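Here's the structure, in structure tokens; my notes come after.
The values are calculated or read from the model by the stated rules, or taken from the named source; none is laboratory data. What you are looking at is a predicted structure, and each value in this text was computed from that prediction instead of being measured. Positions of Cβ are backbone-derived with ideal geometry, glycine not excepted, and every protein chain shown enters the neighbour counts. Remember, those area values only see protein heavy atoms, side chains included, never the ligands or the DNA or RNA. Shrake-Rupley method; radii C 1.70, N 1.55, O 1.52, S 1.80 Å.
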Amino acid sequence: MSQFRTRREMLTDIGRGMFVAGLGTTMAADLGLAPAWAAEEPGKLTFGDLEPLVAFMQETPPEKIIPATVEKMRGGADLKKLTAAAALANARAFGGEDYVGFHTLMALVPAYHMAMEEKNDARKPLAILKVLMRNSGRLKEADSHHKQTLTPIDASAGKKANGEQLRDAVRKPSLAEAEQAFANIPGTPEDALNNLMYMVDDGAEVHRVVLVSRSWDLLNFVGQDKAHTMLRQSVHYCVKAEHPNQKSWNQPIRDMVPKLLDQYKLLSKKPGTKAGDESWINALCETIFKSTPQQAGEAVAAALAEGMDPVAVGEAISLAANLLVLRDEGRPKEWSQPNKPVGSVHGDSIGVHACDSVAAWRNIARAGDTRTCVTSLILAGYQVARDKGARGDLFNKWENYPRAEHLEKVKAVSQGDLLKELGGAVRDKDQGRAAAIA
């Protein structure tokens with residue numbers, strides 16, 4: 001596309017912009033007149049006042065990113081603004097298609113919260129700087145310092161669309177059709193999220209859901225007007241995931257979700273407000289933990305149909321996922337790798353991934369409408385049960401850490417020595433002792 005425009009094109013855009021401004025962005029989108037969100041010039045996705053800092057994040061090589069960022073901070077850039085710029089640079093370059101790239105994006109919000117919890121002001125930036133280093137390193141490895149996976153989409157090029165049309169385009173799979181459909185969904189960022197979830201609900205795995213959740217959280221950093229840029233990464237991710245093996249893996253979900261929505265009439269009323277006491281939450285947790293994926297999904301649907309508060313239902317699912325961490329005896333020999341030895345519980349373990357997924361599903365359930373809420377919780381329960389089955393029946397046989405023998409060995413540790421002993425147990429990779437001391 002030429003970088004130059006004719007006088008007529010320029011005046012047309014100016015007039016169009018004045019008309020859209022008078023209508024408001026929501027009505028303009030309804031009429032198919034709103035341009036691509038976050039796009040400021042033809043052929044290039046740019047981000048207004050943030051663009052210089054976004055370009056800095058994307059173009060600075062890893063060997064220079066830390067000292068250069070420190071200089072930006074000395075010049076007045078705060079950690080929130082740096083987080084926003086890094087998120088937009090990552091989204092533009094990788095668009096949800098690069099494995100290391102989207103993991104880096106997912107780390108930004110937790111790193112920011114860690115920084116805010118740090119009491120020592122001199123150490124506050126460290127968590128953010130670590131993620132910025134990883135981001136810059138991956139940009140260099142992937143030769144993406146000047147790459148744009150996300151480019152502007154002209155919303156006026158198609159008709160008004162909805163979540164079902166987006167989902168159908170992804171199933172084809174057609175990235176061009178899916179991108180256009182998502183660009184033509186009118187309304188607020190919440191409307192974009194709710195329609196996006198028709199597509200996301202077609203499957204249940206950790207990256208698929210956490211990418212949506214983290215992108216949503218990042219709107220608090222980049223601004224609501226960047227919602228399309230952040231959420232469309234999931235369009236790219238889901239299109240890439242739509243290969244034959246994944247489609248057959250996800251077919252039970254695609255059959256189950258509409259069936260449960262209809263069977264329990266979950267879309268005909270708002271989610272309930274009945275509080276679940278500890279015994280009720282524990283009972284649902286045990287049901288999910290011991291069930292097949294289909295049974296777990298239905299147990300969640302039945303609880304929601306009874307009018308139980310989604311918060312209570314989510315707590316039960318979280319506890320079931322947590323059991324997968326507490327009981328995990330680590331990697332078997334056939335799953336071991338040089339940096340993931342036999343017996344280790346790495347960040348990509350069944351339990352950790354299940355907990356990450358449930359946290360994301362619950363976050364989306366809180367943010368969305370009735371359909372988004374109930375389908376997210378159903379899939380959270382389903383995914384915990386399905387993930388558990390990857391080790392056969394072993395999780396039912398294993399006991400929670402710390403076990404009796406671990407607790408017995410730390411009885412003599414004084415309260416004043418607990419943190420010191422915990423550090424030693426972690427460094428020694430002694431899972432049982434660390435759990436008992438904690």
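Below 13 angstrom from the Cβ of residue 237, what's the summed charge of the other residues (Lys, Arg +1; Asp, Glu -1)?
The answer is -2.
In whole Hz and in residue order, list the ³J(HN,Hα) couplings for segment 313-330 that follow from phi through the Karplus curve 6.51 cos²θ - 1.76 cosθ + 1.60, θ = phi - 60°; x for Gly and Pro.
4, x, 4, 5, 5, 4, 5, 5, 5, 4, 4, 5, 7, 5, 9, 5, 8, x
In square angstrom, what is the accessible area per residue of segment 165-312 with a 1.4 angstrom probe?
It amounts to 41 Å² per residue over segment 165-312.
Could you give log10 I(q)/I(0) at q = 0.14, 0.23 Å⁻¹ for segment 288-330, computed by the Debye formula over C-alpha point scatterers of equal weight, without solvent?
-0.35, -0.79
Calculate, in whole percent, how much of the Cα-Cα pair population of the chain lies beyond 29 Å.
Result: 54 percent of Cα pairs exceed 29 Å.
Given a 1.4 angstrom probe, I'd like the percentage of the accessible area of the chain that is carbon and sulfur, rounded to a whole number.
Numbers: 11390 of 21410 Å².
Ligands and nucleic acids excluded, carbon and sulfur reach 53 percent.
If you wrap a convex hull around the Cα atoms of segment 279-374, how much volume per residue is inside, in Å³?
Convex hull volume per residue, Cα atoms: 103 Å³.
For segment 113-233, state the semi-axes of the equivalent ellipsoid (square roots of 5 times the eigenvalues of the alpha-carbon gyration tensor), sorted largest first and rounded to whole angstrom.
31, 17, 14
In segment 101-201, what GluC sites (Glu not before Pro) fall in a loop by DSSP, with at most 12 other Cβ atoms inside 10 Å?
Of the GluC sites (Glu not before Pro), not one in the loops of segment 101-201 has a Cβ with at most 12 other Cβ atoms within 10 Å.
Please enumerate, by chain and number, the lysines with C-alpha under 19 Å from the C-alpha of residue 274, excluding those fewer than 8 residues away in the same chain.
Leaving aside lysines fewer than 8 places away in the same chain, those within reach of residue 274 are 265.
Through the Karplus equation 6.51 cos²θ - 1.76 cosθ + 1.60, θ set to phi - 60°, convert the phi angles of segment 98-106 into ³J(HN,Hα) values in whole Hz; use x for Gly and Pro.
With coefficients 6.51, -1.76 and 1.60, one gets 9, 4, 5, x, 6, 5, 5, 4, 5 Hz.
Let me cross-check residue 146: its accessible surface, 1.4 Å probe, with only protein heavy atoms counted, in Å² to the nearest 10?
Near enough 150 Å² of accessible area.
Using only DSSP helix segments of four residues or longer, with each worth -39500 (n - 2.57), what per-residue ellipticity at 222 nm results for the chain after dividing by its residue count and rounding to 500?
Details: 23 runs with 284 residues, N = 438.
Per the formula, -20500 deg cm²/dmol.
Taking a cut-off of 18 Å between Cα atoms, list the aspartates and glutamates near residue 160, but don't count ones fewer than 8 places away on the same chain.
Within the straight-line limit of under 18 Å, residue 160 reaches these aspartates and glutamates: 30, 168, 177, 179, 190, 191.
Can you list the HN-Hα couplings for segment 148-156, worked out from phi with the Karplus curve (6.51, -1.76, 1.60; θ = phi - 60°), rounded to whole Hz and with x for Gly and Pro?
For segment 148-156, the Karplus-derived couplings read 10, 6, 9, 10, x, 10, 8, 5, 7 Hz, x marking Gly and Pro.
May I ask you to work out the translational diffusion coefficient for segment 187-239 at 25 °C, viscosity 0.890 mPa s, via Stokes-Einstein with Rh from the Kirkwood sum over Cα pairs, reported in whole µm²/s?
The calculation lands on 223 µm²/s.
With r defined as the distance between the Cβ atoms of residue 118 and residue 335 and R0 fixed at 30 Å, what FRET efficiency is calculated, to the nearest 0.05?
FRET efficiency, residue 118 to residue 335: 0.30.
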